[in-house]
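*Asks:* Okay, handing you the structure first.
Read-outs: derived from the displayed coordinates by stated rules, not from any lab. Only a predicted model underlies this, so the values are computations on that prediction, with no experimental measurement involved. Neighbour counts run over all protein chains shown; Cβ positions are idealised from the backbone, glycine included.
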Amino acid sequence: MPYEKKQLPINAICFVGVLILFLILKSIEIFLPTWNIPITIIKGIASSIPFGLAVFATTKRPDFFNTGFSVVLFAYLIGDILIRINFVAGVVTFLIANLLMSGIFLRIGKFSKLQLILYLLALVVCLVILIVFKDALGSVFYPVLVYTFVVLFMMISSLGMPPMVKIGAILFFISDLLLGVGLTDFGNQIISFISLGLYYIAICTLANVVYRRSL
């Protein structure tokens, strides 16, 4: 049998590329915090890799699922860039992305009574936590409140989706939760590192789902 050279899968290359850029990004944020433009550029490139993978996969299988997730990943890409330039604009873009993803989940999956109960219970818990941190959040309390309702609904609505999609949605929620903590006095470099790391893992996970569906 002739020797066949094995090629590393495109999705693995994308994940490694995002991981490397993420480590470079956090190194710059820690050691060169005034380099705003390089940080923004690296964040944009890091987010564009999984988006590009999803678009590549969608050209091979352009159904509602793949197309929808490509649009969502594009919205996350824009939000990831804007949040360094204008925090409010970035948050609004992420809010739209989460609403779009919730719409995909509702159309493809099923939103059961159990999911509704879980959402309402989780909503109460999050509301109590946010009220405790109300003074620490200051003027961003109400925007964070609205955003929490949306991202929580996105996560709960993903429970009717395939396992890897659920994992991606849950990672998004945890990442955003830690981002909210970062806005308080409890925020630090470790929380920022974990939050952004989970965000990149989440978008790579969703892009990988789209890619594998196109094989």
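*Asks:* Would you please put 197-208, 116-127 in order of how densely packed they are, using the mean number of other Cβ atoms within 10 angstrom per residue and starting with the highest?
*Replies:* 197-208, 116-127
*Asks:* Now a separate question. Taking square-rooted eigenvalues a ≥ b ≥ c of the alpha carbon gyration tensor, is region 139-215 rounded, prolate or oblate, where a/c under 1.5 means rounded and, failing that, a/b exceeding b/c means prolate?
*Replies:* Taking the square roots of the gyration eigenvalues as a ≥ b ≥ c, region 139-215 is oblate.
*Asks:* Oh, and also: Could you tell me whether region 9-110 comes out rounded, prolate or oblate from its Cα gyration tensor? Rule is a ≥ b ≥ c as square roots of the eigenvalues, rounded for a/c under 1.5, then prolate if a/b exceeds b/c, otherwise oblate.
*Replies:* Oblate, since a/c reaches 1.5 and b/c is not below a/b.
*Asks:* Oh, and also: Tell me the net charge near Ile42. Cut-off is 15 Å between Cβ atoms, Ile42 excluded, with +1 for each Lys or Arg and -1 for each Asp or Glu.
*Replies:* +1
*Asks:* Of Ile129, Ala207, Gly90, which is farthest towards the positive pole of the chain's charge dipole, taken about the Cα centre with +1 and -1 on the beta-carbons of Lys, Arg and Asp, Glu respectively?
*Replies:* Highest projection toward the positive end goes to Ala207.
*Asks:* Another one. So if I take the alpha carbon set of region 64-138, get Rg, then get Rh from the Kirkwood formula, what is the Rg over Rh ratio?
*Replies:* Expressed as Rg/Rh, it is 1.07.
*Asks:* Let me ask something additional. Where does each of 68-77, 161-170 land if you order them by average Cβ count within 10 Å, highest first?
*Replies:* With the highest mean Cβ count within 10 Å placed first, the list reads 68-77, 161-170.
*Asks:* Would you compute the Debye intensity of region 90-171 from its alpha-carbon atoms alone, equal scatterers and no solvent, and pass along log10 I(q)/I(0) at q = 0.11, 0.13, 0.15, 0.22 Å⁻¹ to two decimals?
*Replies:* Scattering profile of region 90-171, log10 relative to I(0): -0.31, -0.43, -0.56, -1.05.
*Asks:* Reported to two decimal places, what Rg/Rh ratio describes the chain when computed on Cα atoms with Rh from the Kirkwood expression?
*Replies:* 1.00
*Asks:* Would you please state the base-10 log of I(q)/I(0) at q = 0.13, 0.15, 0.21 1/Å for region 125-173, with intensities from the Debye formula using one equal scatterer on every alpha carbon?
*Replies:* Normalising to I(0) and taking log10 leaves -0.37, -0.46, -0.72.
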